[in-house]
Amino acid sequence: DTKCPQAKLAEGRQSPRDEFIALGLMTREIIARDGVIADFQGDAALAFWGWPLPPEDGPLQACRAALAIQRELETAHDDDAHPLSGFRVGIGIAHGNAIAGKIGAPEQAKVGVLGPVVNLGARLETMTKQLGVQILIDEATRKSVAEHLPASEGRHRRMGRVTPYGVSTPLDVSHLLPPESERREIDAEGIRNFEAAVDAVAEGDWAKALELLENVPGPDRAKDFLTVFIAQNNYEPPPDWNGVIELPRK
C-alpha cells in the first residue's frame, strides 16, 4: 500500500553507477522492514507492504523505511567523496487496500501491486518537489503515524489541502519528519506555528498566516511553498477561495 521512493542528484550529476547505489540503499532499507519491491522505474523504486500477509502495524514500517532512506542520503549529502553526495530523495506514502500478487508466467513472474492507492503514492512522490519536502504522506498514513509512531522515531506536520495537477479531488497531505534530535531547526513550536499558518491559509486569513510563518525557524522550503503561494495571489484570497491549493503542474 505504498509508493516509495525516488532519488535524484540535486545538480543533475547522476551517473548510472550512482543511481544503482541509490537504488541499492532504498532496497536495503525497504526489505529490512518487511517491504516488497514491486518495480524499479528509472531512479525510483515502487515498494509495498502487506503481502503475502497483512502487516500488524499498518503503514508504520513504510514510514520507518522512508525516514531511514532520508537519513542515509542526508549523511552522504555533504561528503564530496561519497558516491551519493548531492542526492535528494522524494518519497510518497499512501495507505489503503490494493491487489498484490505474482504476475506473469510460471517461468518468469514478478510480484506486483495494483490499485488507486498505488497511483496516490506516485502522486505524492511527484508533489514533494513542489511542496519543498522530502516525504509526503496521505491522511490515512498521518492518522496511523499520529497514533503509533513515537516522536523519538519521527514526527509529522499538516501541509494542508491540495489538488494535484490533472486531479479533481483534493487531498489532505502531511510532511513526515525525522525526530527533533535530527532536525533541531524544526522544533515542536515551529510545527505548531506552521500548522496554525496552514489553518489560517485555509480560512482565508493570509495576513495571520504570513505572521505565523515568520515564526517558523530556519530555512524551510515547506514554509517557502506557502509564502510563495500567498505572494503569487497578491496576498489576498480570491473571492471563490475554498481553502484548497491547486498545484499548477505535475
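In the stretch 58-71, is there at least one residue being farther than 22 Å from E182 by Cβ, out of contact with any Phe, Trp or Tyr (no Cβ under 6 Å at 6 or more places or on another chain) and not hydrophobic (A, V, I, L, M, F, W, C)? Yes, that holds for at least one residue. Of everything in the stretch 28-65 that is within 24 Å of K143 (Cα to Cα) and among the charged types (D, E, K, R), the residue that is modelled with the lowest pLDDT is E56.
Taking the stretch 93-110 as the range and being touching a residue at least 60 places away in the same chain (Cβ under 8 Å) and over 17 Å from L23 (Cβ atoms) as the test, the residues that pass are I93, A94, H95, G96, N97, A98, A100. Looking only at residues of the stretch 119-148 that are of a type in the set (A, V, I, L, M, F, W, C), open to solvent by less than 20 Å² (accessible area, probe 1.4 Å) and assigned to a helix (DSSP H, G or I), we find that the one that is nearest to K223 (Cα to Cα) is L131.
Selection of the stretch 40-51 for residues being assigned to a strand (DSSP E or B) and loosely packed, with under 13 Cβ neighbours inside 10 Å yields only Q41.
Yes/no matrix, rows are residues, columns are (1) of a type in the set (G, A, S); (2) surrounded by 22 or more Cβ atoms within 10 Å (Cβ to Cβ):
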{"site": "L53", "(1), (2)": "no, no"}
{"site": "A68", "(1), (2)": "yes, no"}
{"site": "A76", "(1), (2)": "yes, no"}
{"site": "G96", "(1), (2)": "yes, no"}
{"site": "V113", "(1), (2)": "no, yes"}
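Run A231 past the list (1) crowded, with 19+ Cβ neighbours inside 10 Å; (2) at pLDDT 95 or above; (3) among the small types (G, A, S) and report the number of the one that doesn't hold. Of everything listed in (1) crowded, with 19+ Cβ neighbours inside 10 Å; (2) at pLDDT 95 or above; (3) among the small types (G, A, S), A231 misses just condition (1). Just one residue in the set V201, V173 is open to solvent by less than 40 Å² (accessible area, probe 1.4 Å), in contact with a Phe, Trp or Tyr (Cβ under 9 Å, 6 or more places away or on another chain) and touching a residue at least 24 places away in the same chain (Cβ under 8 Å); that residue is V201.
Of the residues that make up the stretch 99-109, is at least one surrounded by 16 or more Cβ atoms within 10 Å (Cβ to Cβ) and either part of a helix (DSSP H, G or I) or small (G, A, S) (or both)? Looking through the stretch 99-109, at least one residue is surrounded by 16 or more Cβ atoms within 10 Å (Cβ to Cβ) and either part of a helix (DSSP H, G or I) or small (G, A, S) (or both). The criterion of at least 3 residues that are within 20 Å of the chain's Cα centre (by Cα) is met by the following helices (runs of 4 or more DSSP H) wholly inside the stretch 161-250: 188-203, 221-232.
The values are calculated or read from the model by the stated rules, or taken from the named source; none is laboratory data. The shown structure was predicted, so the numbers you read here are calculated from the model rather than taken from an experiment. Glycine gets a Cβ as well: all are built from the backbone with ideal geometry, and neighbour counts include every protein chain shown. The accessibility values were calculated without ligands, DNA or RNA, using every heavy atom of the protein model including side chains. Shrake-Rupley method; radii C 1.70, N 1.55, O 1.52, S 1.80 Å.
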